[in-house]
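Structure, as structure tokens:
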Amino acid sequence: MVQPLVSAQPYPVSQDLMSWQDVHRHHAMTLFKNLEDKAQNFKNPESLQGLLTDLEQTYDVSRKHIILLEARDALGIMKQYFSGMIPLNINFLVTTNDLVWKDCLIVLLNFLVRLTKNIQKIASEEKPSAEILATSITVLLKLVMEGKVMPSQGWDVVLGLCNHGLTVDPTAQFFYFCGSMVLSGCRLGATEAVFS
């Protein structure tokens, strides 16, 4: 809507006028901030399931706006989805290896794989790191589903990843992932599976 209005002006437009990309960026960030506020208030796995459903739905709506942005802006918002949605107190809440926590972890890992694959599509500099991360998360997902990594360990790995975020250096990204697995208490066989 903004772009046609700007295009219709017969005289030069002031730089202070909001661009169509500003509108899309604002809308995507508003959706993210609303979800981020909600993420800090969950108390149990059932409310986390609702949050993860909202996360996927919000990302699907935001993605329509994100893909219209410049690559740098789109990547910034996608990185926030990657690192900003996991409440820091989750490792204190996941004290059991309950099936509900495992289900939530599987949903989140699937979302992170999808997110990193979308990052690969828009980011040239981060593409190698995103590819490695998508592959590593896919292996972790398989290990969680097979029961080789307990849900509490999987959540610790995800928390470690979110604290490090997405880096430009693919080697560092891989070592952050493996380091998170080791620090979460994953067995050597599980960590080795990421290497293969």
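Could you give the nm distance between label points at residue 30 and residue 70, where each point is 7 Å from its Cα heading toward the beta carbon?
2.3 nm
Quick one: Karplus J couplings for the range 142-153, per residue in order, coefficients 6.51, -1.76, 1.60, θ = phi - 60°, nearest Hz, x for Gly and Pro?
4, 5, 5, 5, 7, x, 7, 10, 6, x, 4, 5
Can you give the FRET efficiency to the nearest 0.05 for residue 47 and residue 23, using r as the Cβ-Cβ distance and R₀ = 35 Å?
Taking R0 as 35 Å, the efficiency between residue 47 and residue 23 is 0.65.
Tell me which trypsin sites (Lys or Arg not before Pro) from the range 89-196 have a DSSP coil assignment and no more than 10 other beta carbons within 10 Å of their own.
Here no loop site has a sparse enough neighbourhood.
Taking 0.36 nm per residue of sequence separation and subtracting the Cα-Cα distance, how much length would be gained by fully extending the chain between residue 187 and residue 106, in nm to one decimal?
Stretched fully, the residue 187-residue 106 segment lengthens by 27.3 nm.
How big is the Kirkwood radius of the range 107-190, worked out from every pair of different alpha carbons and given in Å to one decimal?
Here the Kirkwood hydrodynamic radius works out to 12.6 Å.
By how many nm would the segment from residue 163 to residue 148 lengthen if fully extended, with 0.36 nm per residue of separation less the alpha-carbon distance?
Between residue 163 and residue 148, full extension yields an extra 3.1 nm.
Which value, in Å² and to the nearest 10, is the accessible area of residue 194 when all protein chains are kept and the probe is 1.4 Å?
We get 10 Å² for residue 194.
Per-residue HN-Hα couplings for the range 34-39, Karplus 6.51 cos²θ - 1.76 cosθ + 1.60 at θ = phi - 60°, whole Hz, x for Gly and Pro?
Whole-Hz 3J(HN,Hα) from phi for the range 34-39: 4, 5, 4, 4, 5, 5.
Across the range 98-162, how many lysine pairs, 8 or more apart or on two chains, come within less than 26 Å at their alpha-carbon atoms?
8
Report ³J(HN,Hα) in whole Hz for each residue of the range 48-62, in order, from the Karplus equation J = 6.51 cos²θ - 1.76 cosθ + 1.60 where θ = phi - 60°; Gly and Pro get x.
5, 4, x, 5, 5, 5, 4, 4, 5, 5, 5, 4, 4, 6, 5
The values are calculated or read from the model by the stated rules, or taken from the named source; none is laboratory data. From a predicted model like this one, the values you see are computed outputs, not experimental measurements. With ideal geometry, Cβ positions are generated from the backbone for all residues, glycine too; neighbour counts draw on all protein chains shown. Heads up: the accessible areas ignore ligands, DNA and RNA and are worked out on the full protein's heavy atoms, side chains in. Shrake-Rupley method; radii C 1.70, N 1.55, O 1.52, S 1.80 Å.
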